[in-house]
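Asks: Below is the structure I would like to discuss, written out as structure tokens.
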Amino acid sequence: MRMDGLARLHASMQAIGLTRAKFRVRHNHLTFAGLFLADVTPYELALACLGHDFVLIFDVTRDYEVSAYLGEQYGALAAALGTGAGSGNPLRSSDFLREIDDALPRTVGPGDRPTTADVVHVYRDMEEADKMHLCGWRDNTVRKERVSATNLAKTRRLLGQDAYDLCRRRNLSTCWTDDPGRAIAYTLPAL
């Protein structure tokens with residue numbers, strides 16, 4: 001299904017130079033911490049249900065098409081909403097996504113740029129989630145090692161597709177710390 005509200009949100013992001021945005025969205029009695037990542041391929045829409053232990057992650061095409069399939073998270077969402085088998089009001093994932101799309105903010109501002117802490121809050125399955133401050137780059141070729149898939153996934157989620165592609169191509173690992181005082185500014189290493 002096409003998400004026109006997401007297209008409007010992305011246009012607002014582009015107007016102020018954001019490639020990522022954070023927002024809150026309500027559906028019935030549930031509140032979701034949301035992220036839209038337009039600097040990864042495909043785009044990603046992530047919705048972490050506050051007060052419940054599940055996150056919905058959707059791949060989004062450049063035309064803002066999203067599959068309404070919820071996979072393993074269907075049961076968790078249905079339970080949180082009080083719908084599903086035996087409720088007399090089964091959850092229809094396409095209706096849920098349509099209502100989320102209608103509830104998305106129409107505009108964003110500079111304060112809606114997510115921090116790495118915001119990203120870690122939503123993507124809870126991240127490697128060493130407590131270490132969210134970039135503190136360096138490691139050349140694995142020198143060490144005769146390979147960059148790990150988990151490090152690449154963390155790099156993509158926290159820094160975006162460009163950093164992921166560079167690390168995969170050049171066999172680099174990003175280094176992370178839990179000490180904000182050791183953090184470095186994010187710039188891609190020189191080629």
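Asks: Based on what the data block shows, is Y186 assigned to a helix (DSSP H, G or I) and either basic (K, R) or touching a Leu at 6+ places or on another chain (Cβ under 9 Å) (or both)?
Replies: No; evaluated as a whole, the condition is false for this residue.
Asks: Additional query: So T150 clears everything in (1) of a type in the set (V, I, T); (2) more than 19 Å from F36 (Cα to Cα); (3) more than 17 Å from the chain's Cα centre (by Cα) except one condition, right? Which one?
Replies: Single failed check for T150: (3).
Asks: From the list A153, A117, A103, A149, which one is surrounded by fewer than 19 Cβ atoms within 10 Å (Cβ to Cβ) and in contact (Cβ under 8 Å) with a residue 60 or more places away in the chain?
Replies: Numbers: A153 fails: in contact (Cβ under 8 Å) with a residue 60 or more places away in the chain; A117 fails: in contact (Cβ under 8 Å) with a residue 60 or more places away in the chain; A149 fails: in contact (Cβ under 8 Å) with a residue 60 or more places away in the chain.
Every option except A103 fails the conditions.
Asks: Going by the conditions given, is R143 more than 26 Å from L45 (Cα to Cα), exposed (fewer than 14 other Cβ atoms within 10 Å of the Cβ) and either without any contact (Cβ under 8 Å) to a residue 60 or more places away in the chain or outside the structural domain of D39 (by TED's automatic domain parsing) (or both)?
Replies: Against the criterion (more than 26 Å from L45 (Cα to Cα), exposed (fewer than 14 other Cβ atoms within 10 Å of the Cβ) and either without any contact (Cβ under 8 Å) to a residue 60 or more places away in the chain or outside the structural domain of D39 (by TED's automatic domain parsing) (or both)), R143 qualifies.
Asks: Taking R106, is it part of a strand (DSSP E or B), out of contact with any Gly (no Cβ under 6 Å at 6 or more places or on another chain) and among the basic types (K, R)?
Replies: Against the criterion (part of a strand (DSSP E or B), out of contact with any Gly (no Cβ under 6 Å at 6 or more places or on another chain) and among the basic types (K, R)), R106 does not qualify.
Asks: Look through the range 113-167, keep the residues that are part of a loop (DSSP other than H, G, I, E, B) and acidic (D, E), and return whichever of them is modelled with the lowest pLDDT.
Replies: Looking at residues that are part of a loop (DSSP other than H, G, I, E, B) and acidic (D, E), I get D125.
Asks: Still on this model: Looking for whichever is within 29 Å of I16 (Cα to Cα) and either among the hydroxyl-bearing types (S, T, Y) or in contact with a strand residue (DSSP E or B) (Cβ under 8 Å, 6 or more places away or on another chain) (or both) here; the options are P110, P105. Which one fits?
Replies: Among P110, P105, only P105 is within 29 Å of I16 (Cα to Cα) and either among the hydroxyl-bearing types (S, T, Y) or in contact with a strand residue (DSSP E or B) (Cβ under 8 Å, 6 or more places away or on another chain) (or both).
Asks: Let me ask you something else. Give the range 30-48 a look and list any residue that's touching a residue at least 24 places away in the same chain (Cβ under 8 Å) and more than 13 Å from the chain's Cα centre (by Cα), or say none.
Replies: Answer for the range 30-48, where residues must be touching a residue at least 24 places away in the same chain (Cβ under 8 Å) and more than 13 Å from the chain's Cα centre (by Cα): just L30.
Asks: Given the conditions (1) crowded, with 16+ Cβ neighbours inside 10 Å; (2) in a loop (DSSP other than H, G, I, E, B); (3) in contact with a helix residue (DSSP H, G or I) (Cβ under 7 Å, 6 or more places away or on another chain); (4) not aromatic (F, W, Y), and given that L6 satisfies all but one, which numbered condition is not satisfied?
Replies: The one condition L6 does not meet is (2).
Asks: Follow-up. Can you tell me which of Y74, Y123, Y64 is of a type outside the set (A, V, I, L, M, F, W, C) and without any contact (Cβ under 8 Å) to a residue 40 or more places away in the chain?
Replies: Matching residue, one of Y74, Y123, Y64: Y74.
Asks: I've got another one for you. From (1) crowded, with 17+ Cβ neighbours inside 10 Å; (2) modelled with pLDDT of 95 or more; (3) among the aliphatic types (A, V, I, L, M), pick out the condition that doesn't hold for L91.
Replies: Looking at each condition in turn, L91 falls short on (2).
Asks: Okay, moving on. Can you find a residue that is out of contact with any Gly (no Cβ under 9 Å at 6 or more places or on another chain), touching a residue at least 40 places away in the same chain (Cβ under 8 Å), in the same structural domain as P114 (by TED's automatic domain parsing) and closer than 30 Å to L152 by Cβ anywhere in the range 83-94? Even if it seems obvious, please write down each step before you answer.
Replies: In the first step, residues of the range 83-94 are kept if they are out of contact with any Gly (no Cβ under 9 Å at 6 or more places or on another chain); the result is 83, 85-88, 92-94.
In the following step, the residues that additionally are touching a residue at least 40 places away in the same chain (Cβ under 8 Å) were identified as 94.
If we keep only those that are in the same structural domain as P114 (by TED's automatic domain parsing) too, we end up with 94.
Then keep just the ones that are closer than 30 Å to L152 by Cβ; that gives none.
No: zero hits.
Asks: Mind counting the residues in the range 41-85 that are crowded, with 18+ Cβ neighbours inside 10 Å and within 23 Å of R113 (Cα to Cα)?
Replies: Qualifying residue count, the range 41-85: 13.
The values are calculated or read from the model by the stated rules, or taken from the named source; none is laboratory data. Just so you know, these numbers come straight off a predicted model, no measurement behind them. All Cβ positions, even for glycine, are placed from backbone atoms using ideal geometry, and neighbour counts span all protein chains on display.
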